[in-house]
Amino acid sequence: AEAAAVAGSSGPGRTSDGHAVKLLANVGSAKNVPAADQAHAEGIGLFRTELLFLDRASEPGRDEQITAYREVFRAMAGRRVVIRTLDAGADKPLPFLHQDGEPNPALGVRGLRVARRRPGVLTAQLAAIAAAAADCDADVWVMAPMVSTLTEATEFAAAVHEAGLPRAGVMIEVPAAALRAGDLLRAVDFLSIGTNDLSQYTFAADRMCGELADLLDPWQPALLQLIAICGAAGRETGKPVGVCGEAAADPQLAPVLAGLGISSLSMSPRALPAVRAALARHSYAECRRLAELAVAAPDAVAARKSVL
Ligand code: PEP
Ligand code: MG
């Protein structure tokens, strides 16, 4: 029994009847990898690369980028690492991108949109990721933030493949992208839902505005409905659709997300044990039933109650 309890707190993500939901960690650098290991993460579901670019006058050079990426890839040998290309905007301006102030940074040139202005920053980053991946055994997947259209997804996938990287995906953070998840999955290998931004853009509520927390609640049925569209597209195409926003760290929501067709949950390492335990308490059929109840609920409070 003790061995089973230990396995239950360290094994891969599974429902009680063995349906797999990969449990991954969000990291910002190699410094976070030990915590991910301690929590028995199956890999990295979101490697944010902003850290390297912040607070500096010029773009980090090729070698500096390779070193930073390689540290994480090496530590994750044999496991999946989903690395996200630079997510910068006028809300966190980078001097070398020469961004003029924007009246509405959240709606401006941020995430993948920066590549319209400065395509070289993206191609240099992809080249550095490819070089770092080349001498490591990690299973490296690359994704772009703030993608809205099939055109953007197609162009990003082409750039990733051109760099010699085999797996390209996009984040679902904009309702337009969620609505067209099926289309996007024909152009890329996987989707990862960033619920922090998807909430912000679905409810027209600034994610930093505490006063609007009720609108940003991940149990909002409208948000769950957009996630359901993505999950259904994943089931139809057989391609992975994960969640890497804050919603993935809510143990009560984990069975609902699994039931909506989500195949991986990526979160801060400290949230992993409770999410693993919550998944193991439900069969996959129960997850699907809880998902139906939550999406059909009239509001977030009722959605939360419906699964108790
Ligand atoms: C998100 O938007 O949910 C996300 C994971 O990305 P970030 O929080 O870095 O914007
Ligand atoms: Mg985001």
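What follows draws every value from the coordinates through simple rules; no lab data is involved. These figures come from a predicted structure and were not determined experimentally. Here Cβ is always computed from backbone atoms with ideal geometry, including for glycine, and neighbour counts include all displayed protein chains.
Summary table below
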{"item": "Percent antiparallel among DSSP beta bridges (both partners in the chain, rounded to 5)", "result": "5 percent"}
{"item": "Net length gained if the chain between Gln252 and Asp183 were fully extended (0.36 nm per residue, minus Cα distance)", "result": "21.8 nm"}
{"item": "Cut-off 17 Å, label 7 Å out along Cα→Cβ of Ser16, residues of the stretch 271-296 by amide N", "result": "275-291"}
{"item": "Mean Cα-pair separation over length for the chain, i.e. relative contact order, pairs under 8 Å, 6 or more apart, %", "result": "19 percent"}
{"item": "Sites Glu71 and Ala280, calculated FRET efficiency, Cβ-Cβ separation with R0 45 Å, nearest 0.05", "result": "0.90"}
{"item": "Intensity falloff of the chain expressed as log10 I(q)/I(0), Debye formula with alpha-carbon point scatterers, at q = 0.13, 0.16 Å⁻¹", "result": "-0.91, -1.36"}
{"item": "FRET efficiency, 1/(1 + (r/R0)^6) with R0 25 Å, evaluated for His161 and Arg117 via beta carbons", "result": "0.65"}
{"item": "Under 19 Å from the Leu51 label point (7 Å along Cα→beta-carbon), backbone N, the stretch 72-87", "result": "72-77, 79-87"}
{"item": "Sites Ala296 and Ala232 - FRET efficiency at Förster radius 22 Å, r taken between beta-carbons, to 0.05", "result": "0.90"}
{"item": "Lysines with Cα under 29 Å of Lys92, excluding same-chain neighbours fewer than 8 positions away", "result": "Lys31"}
{"item": "As computed over the stretch 52-160, the Cα convex hull volume per residue (Å³)", "result": "99 Å³"}
